[in-house]
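Here the structure is laid out as structure tokens; the discussion comes afterwards.
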Amino acid sequence: MASVSELYDVGWEEMRDKLRKWREDNCRNSEQIVDVGEELISEHGSKLGDDIWIIYEQVMIAALDCSRDDLALTCLQELRKQFPDSHRVKRLSGMRLEALERYDEANKHYDAILQDDPTNTAARKRKISILKAQGKSAEAIRELNEYLEHEAVSVLYQSAPCFPCDFHSYGKAAFCLEELMMTNPHNHLYCEQYAEVKYTQGGLENLELSRKYFAQALRLNNRNMRALFGLYMSASHIAASPKVGAKVKKDNMKYAAWAATQINRAYKLAGRGTKENKCSVKAVEEMLESMQITMS
Amino acid sequence: MGNHCSVCSATNQTCVPLYSSNTSEIPLGREALHWVDPHVQHPLQLLLFVLGIKSVGDRSVHCNETTTLSKALLEADAVHCPVRGEKKAYCKMLLHAAKYPHCAVNGLLVAEKVKEKKKDSHSAPILCVDCVPLFHGTLALAPMLEVALTLIDTWCKENRYVIAGYYQANERTKDFRPNQVAEKVAARISENFSEAAIVMVDNSRLTMSCFEPIVLIYDHHENKWKSRDVNTDCFEDWLEAQKITSALLEGRSYENLIDFDNHLDDLRNDWTNPVINKSVLDLC
């Protein structure tokens with residue numbers, strides 16, 4: 001089988017830089033990381049210098065994702081040799097045990113870390129993840145709530161929105177996203193996700209809030225299609241609601257109409273030239289038209 | 001005049017034997033199955049049995065006509081399987097699950113619109129000819145789901161399809177039960193299509209070779225979703241479906257699968273998946 005460098009005609013520096021980019025973007029493309037990382041380590045390990053340790057960590061986690069315990073163990077052993085007393089490496093050992101579904105042993109590792117260092121976020125996150133993996137959703141939520149009350153750590157909040165949506169505690173998801181928006185005011189994704197949660201919660205007040213946040217997300221990034229669609233949907237629903245006054249109705253119809261134009265324009269731009277996309281454009285036009293009818 | 005059974009030599013007046021044909025298309029039907037039924041239980045067994053018949057005078061079946069035979073057998077058996085899957089639908093569903101192994105994924109199943117509903121609703125099975133992968137990760141948020149349902153519904157109307165079902169693969173390997181999201185979406189689909197089904201992927205049995213169907217099909221009975229037995233008869237052509245899905249998984253074609261989330265990230269991404277559709281056709 002051809003090597004990565006042969007297939008894509010890249011040198012080892014490009015492979016190293018690609019791994020760094022994936023690390024920074026927090027991508028979970030584990031198959032690719034294993035392909036690139038394994039080759040990089042085995043063929044060019046000596047050239048990497050101190051970068052090799054973080055690459056070992058990245059490849060090890062990706063290897064766990066791909067069931068490559070052989071590779072994971074190799075990386076782990078190198079890291080253990082280099083950093084014998086590290087909590088970070090101990091967490092990796094724990095993760096390997098999790099991958100092998102040896103949850104009790106994994107928990108022992110994490111408890112040992114927490115005994116030494118009760119503020120260790122990573123270990124706490126792993127313990128909660130174990131509960132989630134075991135299907136103990138109620139306990140996982142309880143632990144998460146407890147932790148969130150005591151520590152305002154935005155890193156932990158980032159994983160939180162997924163939990164509540166699974167278990168329909170949209171209120172908790174909204175709370176987490178509010179915290180995230182406070183600490184990351186320019187992040188359009190958090191705005192848009194918050195708007196989606198509010199929309200799902202339903203009710204006129206939440207719909208109006210969701211419309212505002214969709215609009216805010218658009219202001220931060222005018223190419224966010226979800227925000228655009230969301231603005232259209234929320235404005236349309238508000239305008240169609242029997243509980244609103246004439247002025248609110250009129251305003252929301254204006255917002256919806258504006259959003260519809262933008263959506264149509266975006267599709268036309270994307271569909272330039274392709275036959276298949278012309279179908280999408282037509283579908284969107286029809287969809288928007290059909291919703292107009294129900295609105296009035 | 002009785003019909004002679006080559007297996008038990010009994011004379012049976014109510015059955016119609018298999019009959020030979022010089023054309024490539026054998027008009028076999030349920031009646032033909034009935035003749036051999038006492039001796040074989042499973043359609044595939046029947047196939048082997050038929051292949052074993054070299055000739056029974058006028059009533060032989062030529063081996064190169066077995067594809068049509070198997071089709072007829074599956075059709076005959078279809079009374080037990082009102083909603084069945086075609087290879088393209090099954091394939092893309094599994095590719096979607098394989099693309100995002102760490103997330104929950106979901107999507108819609110579409111069927112060809114049947115012009116008139118015959119009085120005997122058991123006559124034609126509803127064939128899910130295609131699927132549209134929807135989301136990965138967070139499945140439970142309303143606005144994009146509404147947009148997707150409406151958009152895909154419009155697309156269906158243009159192509160004389162109808163949204164006939166919903167599939168979901170949960171985040172955890174061992175969890176294959178439909179959750180609230182699945183039930184809500186399926187209820188919505190049922191408004192337009194009374195026999196809507198929920199198809200859950202059994203992640204724990206997902207392998208490269210796909211030797212057996214790894215889905216559970218849930219039908220709505222008496223306000224509850226109940227799972228039904230799934231076997232290879234629930235597919236139009238299981239062997240083809242298995243072969244194609246396996247080939248695409250090994251070739252990592254799932255990297256090119258587009259779901260509605262990908263489409264929202266970049267409108268140029270086409271959720272009808274023409275590239276994958278072509279690969280499926282090429283492998284047929």
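Values quoted throughout were computed directly from the atomic coordinates according to the rules given, and no laboratory measurement underlies them. Just so you know, these numbers come straight off a predicted model, no measurement behind them. Every residue, glycine as well, gets a Cβ built from its backbone with ideal geometry; the counts of neighbours run over all protein chains shown.
All Cα-Cα separations within segment A:209-273 were binned at 5 Å from zero, giving a P(r) of 4, 20, 26, 22, 14, 8, 4, 1, 0, each value a whole percent of the pairs.
Every Cα-Cα pair of segment B:128-226 was included, and the share exceeding 20 Å stands at 40 percent. Computed over the alpha-carbon pairs of segment B:188-284, the distance histogram in 5 Å steps reads 2, 11, 15, 17, 20, 18, 12, 4, 0 percent, short to long.
Which links in A:212/A:249; A:127/B:174; B:99/B:243; A:198/A:249; B:92/B:278; A:21/B:92 stretch past 22 Å when you go from one Cα to the other? Pairs exceeding 22 Å: A:21/B:92. Values of log10 I(q)/I(0) for segment B:186-238 across q = 0.14, 0.20, 0.23 Å⁻¹ run -0.44, -0.79, -0.93, by the Debye formula with one identical scatterer at each alpha carbon and no solvent.
Taking a ≥ b ≥ c as the square roots of the eigenvalues of the Cα gyration tensor, an a/c ratio of 1.5 or more together with a/b larger than b/c marks segment A:23-130 as prolate.
Ranking of B:87, B:157, B:92 by neighbouring Cβ atoms within 10 Å, starting from the fewest: B:157, B:87, B:92.
Take the Kirkwood radius over Cα pairs of segment A:30-92, plug it into Stokes-Einstein at 37 °C and 0.692 mPa s, and you get 284 µm²/s for translational diffusion.
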